[in-house]
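S.K.: Let me begin by handing over the structure; questions about it come next.
No lab work stands behind these numbers, since they all come straight from the coordinates. Note that the structure is a prediction, hence the values are computed from the model and not measured. Ideal geometry is used to build each Cβ from the backbone, glycine not excepted, and the neighbour counts take in all protein chains shown.
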Amino acid sequence: MATTNTEGAGPAPSVSPAAAPDPRPSPKAGGRSVTGTRKAIAAAFLLPALVLLGALVLYPIGYSVYRSFFDQAGTGFAGIDNYKALFTDDTILTAVKNNAIWVVFAPTVATALGLIFAVLTERIRWGTAFKLIVFMPMAISMLAAGIIFRLVYDQAPERGVANAVAVSVHDTFNESAGFPKARPLPVHPLEKGAGGSFVSKEPVRAGEAVQVPLVGVAPAKMPGDARPAKAAPAADGDRITGTAWLDFTRGGGGKPNVVDPEELGLKGLKVEAVKDGKVVATATAGADGVFTLPASADGAQLRLPADNFREPYNGVDWLGPSLVTPGIIGSYVWMWAGFAMVLIAAGLAGLPRELLEAARVDGANEWQVFRRITVPMLAPVLAVVLVTLMINVLKVFDLVFIIAPGSSQDDANVLALQLYRSSFGTDADLGIGSAIAVLLLLLVLPVMLFNIRRMRKEARR
């Protein structure tokens with residue numbers, strides 16, 4: 001039997017890993033990339049996307065920059081005149097100012113509300129349903145939301161929800177005047193006084209009956225329990241009596257300054273006796289319009305205070321020049337607070353709960369846990385939400401265009417809306433419109449670069 005003699009033989013040679021052949025293809029072998037894909041195939045797949053990117057993004061940007069240096073007709077070189085107009089035209093400056101207000105307040109408020117909703121819904125049983133309700137406005141287009149809030153902010157309380165609430169709250173604490181449009185006729189013994197009041201032309205004397213006739217109140221607006229007016233008899237002693245009534249007979253007829261049978265008393269009308277500018281006595285007319293003043297009113301002038309005729313509260317002019325921008329920002333927050341809440345809730349779900357529990361065990365209250373642990377750990381998520389909303393509000397157009405009425409659209413103007421008006425309005429000037437587009441691009445770029453740097457920093461962690 002043959003045997004193999006191993007005596008005196010050295011160890012078998014070993015092959016080092018560095019010397020082992022690399023099965024991966026060389027980047028330069030056969031025109032392949034590191035991943036093994038042929039560069040020609042990769043370019044073929046990328047080419048449609050690059051063509052679309054160039055046609056839909058790069059070319060419009062380049063042409064807008066080019067067109068911004070030409071005049072309205074596009075035939076004459078205007079230099080930087082269009083850019084000078086951006087900082088000298090009052091309408092465009094208002095748009096820039098409003099854009100600054102939008103960038104500061106809209107993302108901040110929406111993010112803050114989203115954070116509050118996300119934290120609070122973690123502790124309630126019906127949190128999922130609440131999140132669904134808050135997020136539902138995201139399913140509505142900006143156009144539809146604008147139409148909704150145009151109705152919400154309607155000045156008429158019977159149509160606008162916001163003013164219906166405002167009027168209800170106001171009327172709960174401030175009683176409306178009974179006769180807002182009442183007034184005397186020139187033949188009546190009353191004349192207009194200061195501050196919307198009416199005063200008697202002559203002083204009143206003790207023992208006599210005073211007549212206080214008014215017109216201008218629709219019979220349907222009279223108090224429901226008002227009764228036919230009764231001519232007050234001459235007062236006994238030093239008192240002064242009088243009748244306040246609606247000097248109007250439905251269907252015609254009747255005599256001025258005479259209490260006719262079908263005329264109603266002005267129940268609740270306040271009457272003051274004034275001497276030397278001081279109120280010495282007051283009275284209130286009854287259901288039949290009769291009132292009585294004490295002897296101290298002798299020689300005084302009767303005054304019907306302006307509170308009797310104060311116009312009813314019609315709510316807040318939400319779409320007026322001073323409140324239109326905050327009102328539109330409110331509609332934006334209504335739409336985008338749900339977006340912020342969902343992203344923040346996702347980040348909140350990934351927080352290590354042991355840190356929160358450890359802080360509570362160490363004696364921290366809920367506010368301290370929220371401020372010193374929850375918010376700092378959610379900082380990357382909050383930055384994403386805030387930056388996304390900032391880019392979004394720089395381009396806001398639909399809400400402003402739909403909600404702001406024509407009378408206050410200049411006060412609510414923003415750059416995107418001004419871009420539309422300058423480019424396609426009555427006096428379209430594509431040079432100005434292109435300059436506004438370039439300005440918007442320059443405003444968006446720093447926010448985008450910040451977001452890219454933040455994403456790269458997060459990827460390196």
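S.K.: Restricting to DSSP loop positions (anything but H, G, I, E, B) with no more than 16 other Cβ atoms inside 10 Å of their own Cβ, which chymotrypsin sites (Phe, Trp or Tyr not before Pro) remain in region 81-131?
M.R.: F87, W126
S.K.: Right, something else. Antiparallel versus total DSSP beta bridges in the chain: what percent is that, nearest 5?
M.R.: About 80 percent, rounded to the nearest 5.
S.K.: Rank these for me by crowding, L53, L246, L190, going from fewest to most other beta carbons within 10 Å.
M.R.: L53, L190, L246
S.K.: Pull up all non-local amide H partners of I240: gap of 5 or more, or a different chain, and H-to-H distance under 5 Å with H placed in the peptide plane.
M.R.: Those qualifying (amide H under 5 Å, at least 5 residues apart or on another chain) are G207, L293.
S.K.: I would also like to ask the following. How would S423, S141 line up from fewest to most surrounding beta-carbon atoms within 10 angstrom?
M.R.: Going from sparsest to densest Cβ surroundings: S141, S423.
S.K.: Once amide H atoms are placed 1.01 Å from N in the peptide plane, what residues at a sequence separation of 5 or more from A78, or on another chain, have their amide H within under 5 Å of its amide H?
M.R.: F70, D71
S.K.: Another question, if that's okay. For region 182-289, take the alpha-carbon Rg, divide it by the Kirkwood Rh, and send me Rg/Rh. Walk me through the intermediate numbers first.
M.R.: On the way: Rg = 13.6 Å, Rh = 14.3 Å.
Value, to two decimals: 0.95.
S.K.: By count of other Cβ within 10 Å, fewest leading, how are V65, V119, V169 ordered?
M.R.: Starting with the residue having the fewest Cβ neighbours, the order is V169, V65, V119.
S.K.: Can I ask one more? If I take every Cα pair under 8 Å that is 6 or more residues apart in the chain, average their sequence separation and divide by the length, what percent do I get for the relative contact order?
M.R.: Numbers: 704 pairs, mean separation 97.0, N = 461.
It comes to 21 percent, rounded to a whole number.
S.K.: Right, something else. Can you list the DSSP H helices in the chain whose Cα atoms extend at least 18 Å along the helix axis and whose mean Kyte-Doolittle hydropathy is -1.0 or higher?
M.R.: Within the chain the helices that satisfy the rule are 39-53, 90-120, 161-173, 324-349, 379-394, 430-460.
S.K.: Normalised by the number of residues in region 190-308, what is the relative contact order in percent for Cα pairs under 8 Å and 6+ residues apart? Kindly include the intermediate steps, with their values, before the conclusion.
M.R.: On the way: 302 pairs, mean separation 37.9, N = 119.
Relative contact order here is 32 percent.
S.K.: Which residues make up the longest stretch of the chain that has no GluC sites (Glu not before Pro) in a DSSP loop with at most 16 other Cβ atoms within 10 Å?
M.R.: Values: sites that count: E7, E158, E175, E208, E262.
Longest gap between qualifying sites, sites excluded: 263-461.
S.K.: Same structure again: Can you pull the three principal axis extents for the Cα set of the chain, in Å, largest first?
M.R.: 157, 74, 41
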